[in-house]
Amino acid sequence: MTISAKARWLVPVALAAGFAAGAAHHQAVAAPAADQVTLAPHRAIYDLKLAKSKTSGGIQGVRGRILYDFSGNACDGYDLQFRQVSELDSGEGKAALSDLRSTTWEDGAAKKFRFNSENVVNDKRTDIVNGRADRNADVVAVNLNKPKEKTLTVPVGSVFPTEHMRRIIVAARAGKTILEFPVYDGSETGEKLYNTLTVIGRALAPGEKPPTDATAKVPAFAKLTRWPVTISYFEKLDTKTEGEGEQTPVYSISFELYENGISRALVLNYNDFSISGELTSLEMKKEKACP
């Protein structure tokens, strides 16, 4: 799953990774070769609930569901349809109901990215974002149509969400444990760039610690390796303030990542509370091979 932040307590869309190895930070970016990572087209549903709340007067409950519908390949590009409906209870009868919908397309060469999303909170539309990003030799050029027409650039070393996931899988297979990338996913007003730190844990061999969620109903998963992954998202600081002390992540997401790109056992950590996401339904879609 690839992920991005639309609101502080929402799952980042975009979904969406031991500390033995050194960091791998890339200034120039090229997507992994098409034959290195094959991402499985699938339709997944995750049921959400409150996992932990650190303050007595904080979040009292969370319930909701994520629909994650992913398709495509390295030749035609990757399509994602995402919907998250969440209700957050802050106690004393106060609750907020959010309905976030997002569609994205990303080409297999990691040069083009299109995004469109809207969020409705308590029946009131709060966010609409529409735009595209194109990578050239020098920068990633972003053209926004909504919430207002605007052009901007982000560094050429920034990665898009599906490319980020592919790179995590490549690194995990190679035994690397840490990756650092700035990630552009069109989140918030389309002007946000996050620095990310991905930590990849020890590989779980096929058949090790068999899950009991929806993956248990698909025999092929018993033959796949998976890794515990944590991705922390940090505000992108200006050059004057970077390096001035330790920075706290805005949020982080932990999950088990299969080598085909499917995730299970989500935990979304927003510092003062966290949300768990159980994979309750998984439909594998027919793969379309590259010509």
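The values are calculated or read from the model by the stated rules, or taken from the named source; none is laboratory data. Just so it is clear, the structure is predicted and the values come from calculations on it, not from any experiment. In this analysis, Cβ positions are derived from the backbone assuming ideal geometry, glycine residues included, and neighbour counts consider all displayed protein chains.
Overview of values
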{"quantity": "Residues located in the stretch 195-224, provided they are β-branched (Val, Ile, Thr), over 30 Å from Thr248 (Cα atoms) and surrounded by 14 or more Cβ atoms within 10 Å (Cβ to Cβ)", "calculated": "Thr215, Val218"}
{"quantity": "Check on Thr126, among the β-branched types (Val, Ile, Thr), out of contact with any Phe, Trp or Tyr (no Cβ under 6 Å at 6 or more places or on another chain), outside any strand (DSSP E or B) and modelled with pLDDT under 90", "calculated": "no"}
{"quantity": "Cβ-Cβ under 6 Å pairs, at least 6 apart or on other chains, the stretch 200-222 side farther than 24 Å from Lys285 by Cα, far side small (Gly, Ala, Ser)", "calculated": "Ile200/Ala17; Ile200/Ala172"}
{"quantity": "Residue within the stretch 272-280 that is in contact with an Asp or Glu (Cβ under 6 Å, 6 or more places away or on another chain), surrounded by fewer than 21 Cβ atoms within 10 Å (Cβ to Cβ) and outside any loop (DSSP other than H, G, I, E, B) present", "calculated": "yes"}
{"quantity": "Those residues of the stretch 185-205 which are modelled with pLDDT under 95, part of a loop (DSSP other than H, G, I, E, B) and not hydrophobic (A, V, I, L, M, F, W, C), in sequence order", "calculated": "Asp185, Gly186, Ser187, Glu188, Thr189, Gly190, Glu191, Lys192"}
{"quantity": "Residues satisfying the stated conditions in the stretch 133-158, i.e. touching a Lys or Arg at 6+ places or on another chain (Cβ under 7 Å), farther than 30 Å from Ala96 by Cα and outside any loop (DSSP other than H, G, I, E, B)", "calculated": "Asp134, Arg135, Asn143"}
{"quantity": "Residue within the stretch 243-252 that is at pLDDT 90 or above, under 13 Å from the mean Cα position of the chain (by Cα) and among the polar types (S, T, N, Q) present", "calculated": "yes"}
{"quantity": "Residues satisfying the stated conditions in the stretch 119-138, i.e. exposed (fewer than 13 other Cβ atoms within 10 Å of the Cβ) and in contact with a strand residue (DSSP E or B) (Cβ under 9 Å, 6 or more places away or on another chain)", "calculated": "Asn122, Asp123, Arg125, Asp138"}
{"quantity": "Residues located in the stretch 102-113, provided they are assigned to a strand (DSSP E or B) and either surrounded by fewer than 19 Cβ atoms within 10 Å (Cβ to Cβ) or of a type in the set (A, V, I, L, M, F, W, C) (or both)", "calculated": "Thr103, Trp105, Lys112, Phe113"}
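A quick yes/no check of all residues on (1) surrounded by fewer than 16 Cβ atoms within 10 Å (Cβ to Cβ); (2) over 14 Å from the mean Cα position of the chain (by Cα); (3) modelled with pLDDT of 95 or more:
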residue	(1), (2), (3)
Met1	no, no, no
Ala5	no, no, no
Gly22	yes, yes, no
Thr38	no, yes, no
Lys52	yes, yes, no
Phe70	no, no, yes
Asp89	yes, yes, no
Ala95	yes, yes, no
Leu100	no, yes, no
